[in-house]
Amino acid sequence: MRHLFFTLAFSLTIMSAFQAQANYLARSEAQALIDSLVEAHQLDRATLEAVLASAEYDESVIEAISRPKERTLEWHEYREIFLQPLRVRRGLNFWQENRNALERAEADYGVPPQVIVAIIGVETDYGRVTGNHRALNSLATLAFDYPPRSEFFSKELKHLLLLASEEGKDAGSFKSSYAGALGLAQFMPSSFRAYAVDFSGDQQRDIWKNSEDAIGSVGNYLAVHGWRSGERVLMPVSLGEEADMDALRFQGDFSAAPSIADLAGEGVLFHEPKWSELERDVQVMLTSFDNGDGAEPYAGLNNFYVITRYNRSHMYARAVHELSQMLLQDSAQ
């Protein structure tokens, strides 16, 4: 009986996987996606049908997206993951090995080497953790079987199919994170199409194995999103008795963010004369981080906001900033 039970369970598992694979092509959402790609981009219908017929449901993707680190960890825990001495040493090695490309990226895009190195370090530990999911499976699973974000991932699945056509690659061959992020830079397919560059000059945009392309692509992404060379990223502040952190937190387009003068008028204390007296019109966004002993308030400037265009988590942006500062300090020794 026990043998029969496991045989039946195994058969049901195989059947479920087969049904999930077969059903994606039959789903009305998939057919609408194919129609749009054929009509708007003149892609071949038979090729698209074959690709989506090969897409398989991945339960591990649903499990992973339901518990992202940014929602389950406080800053002091998050920091321990990304700001370890080993990651700094690896970052310095990556910087040394790619010094010429990083200097070219700074000249072209205005983004300093330590920031690009820090982003690649936080994203993939310099290529050690780029993801081993089949991007097609991840994006189809999230597009068709994860209702909370189906609209976003349906667009990314569409961009993956367009990317494959433009790059002359098999759409089923791309490896990614559980959420479909690609390569050393962890670009979503839409970001790859918009911001990835051939920085090595070999007529390919390879952010998986070509560190030059990854470096140039990260620099280009930050530049397009408004990085300002030489400006600060984040600074500590404190709150007066009248300041209400919840009311002052800012979410939205940074062009509408309050100025230092605005926040000072609401009881936020800026301790550096340069910022509190000389540049009161500078826009900032108030945020806070739990250090284990309570929340610490900070003001994020334009470049902090730009980093959040890469990943909207404020903890992510602070991790990138602090890692970049650690790298810069150690590189000078």
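Every read-out reported here was derived from the displayed coordinates using simple, explicitly stated rules and does not represent laboratory data. As the structure is a prediction and not an experimental result, all values here were calculated from the model. All Cβ positions, even for glycine, are placed from backbone atoms using ideal geometry, and neighbour counts span all protein chains on display.
Please report, in debye to the nearest 20, how large the charge dipole of the chain is about its Cα centre when each Lys and Arg carries +1 at its beta carbon and each Asp and Glu carries -1 there. Mind showing how you got there, number by number?
Details: 30 positive and 47 negative charges, 192 e Å.
That gives a dipole near 920 debye.
Where the centre of each part is set by its Cα atoms, how far does the stretch 118-182 sit from the stretch 78-108, in angstrom?
Taking the Cα centre of the stretch 78-108 as reference, the centre of the stretch 118-182 is 24 Å away.
With N residues in the chain, what two-decimal value do you get for its Cα radius of gyration over 2.2 N^0.38 Å? Provide the component values of the computation, followed by the final result.
On the way: Rg = 22.7 Å, N = 333, 2.2 N^0.38 = 20.0 Å.
In units of the 2.2 N^0.38 Å rule of thumb, it is 1.13.
Report the label-to-label distance for residue 238 and residue 328 in nanometres (one decimal), using points 7 Å from each Cα along the Cα→Cβ vector.
Between residue 238 and residue 328, the simple spin-label model gives 2.5 nm.
Helix 314-331 versus the longest principal axis of the chain: what angle, 0 to 90°, nearest 10, using Cα atoms?
70
Per the Kirkwood treatment, what hydrodynamic radius in Å, one decimal, follows for the stretch 161-206 from the mean inverse distance over all distinct Cα pairs? Walk me through the intermediate numbers first.
Working: mean 1/r = 0.0907 Å⁻¹.
Answer for the stretch 161-206: a Kirkwood hydrodynamic radius of 11.0 Å.
Report the extension gain between residue 290 and residue 108 in nm, rounded to one decimal, defined as 0.36 nm multiplied by the number of residues separating them, less their alpha carbon distance. Present the calculation step by step, with values, prior to reporting the outcome.
Working: separation 182, 0.36 × 182 = 65.52 nm, distance 3.67 nm.
Extra length available between residue 290 and residue 108 comes to 61.9 nm.
Report, in degrees rounded to the nearest 10, the 0 to 90 angle that the Cα long axis of helix 99-109 makes with the longest principal axis of the chain.
80
Run lengths n ≥ 4 of DSSP H only: what is the helix-derived mean residue ellipticity at 222 nm for the chain, with -39500 (n - 2.57) per run over all residues, to the nearest 500? Could the numbers behind the result be given before it?
On the way: 17 runs with 190 residues, N = 333.
Estimated from H runs of four or more residues: -17500 deg cm²/dmol.
Using a Gaussian network model of the chain whose springs link C-alpha atoms within less than 10 Å, name the residue from 137, 23, 302 with the highest mean-square fluctuation.
23
Once fully extended, how much extra length lies between residue 36 and residue 62, figured as 0.36 nm per residue of separation less the alpha-carbon to alpha-carbon distance? Spell out each step's value before the answer.
Details: separation 26, 0.36 × 26 = 9.36 nm, distance 2.61 nm.
Computed gain between residue 36 and residue 62 is 6.7 nm.
By how many nm would the segment from residue 29 to residue 194 lengthen if fully extended, with 0.36 nm per residue of separation less the alpha-carbon distance?
Between residue 29 and residue 194, full extension yields an extra 56.9 nm.
Quick one: compute the contact order of the chain, relative version, from alpha carbon pairs under 8 angstrom and 6+ residues apart, as a percent. Mind showing how you got there, number by number?
Working: 485 pairs, mean separation 57.7, N = 333.
17 percent.
Mind grabbing the base-10 log of I(q)/I(0) for the stretch 234-300 at q = 0.17, 0.24, 0.26 Å⁻¹? Debye formula, identical points on the C-alpha positions, no solvent, two decimal places.
-0.55, -1.08, -1.24
Listed highest first by mean packing, meaning other Cβ atoms within 10 Å per residue, what order do 141-150, 174-183, 250-259 come in? Please list the in-between numbers first.
Details: 141-150: 18.0, 174-183: 22.9, 250-259: 12.9.
Answer by packing, highest mean first, reads 174-183, 141-150, 250-259.
In degrees from 0 to 90, rounded to the nearest 10, what is the angle of the helix 85-97 Cα long axis to the longest principal axis of the chain?
80
Can you give the relative contact order of the stretch 98-227 as a percent, counting alpha carbon pairs under 8 Å and 6+ residues apart?
Working: 211 pairs, mean separation 36.0, N = 130.
After rounding, I find 28 percent.
For the pair residue 247 and residue 150, what calculated FRET efficiency results from E = 1/(1 + (r/R0)^6), where r is the Cβ-Cβ distance and R0 = 30 Å, to the nearest 0.05?
Numbers: r = 33 Å, r/R0 = 1.10.
Computed FRET efficiency for residue 150 and residue 247: 0.35.
Could you check which residue among 40, 50, 64 shows the biggest mean-square fluctuation in a GNM of the chain with a 10 Å Cα cutoff?
Between 40, 50, 64, it is 40 that shows the largest mean-square fluctuation.
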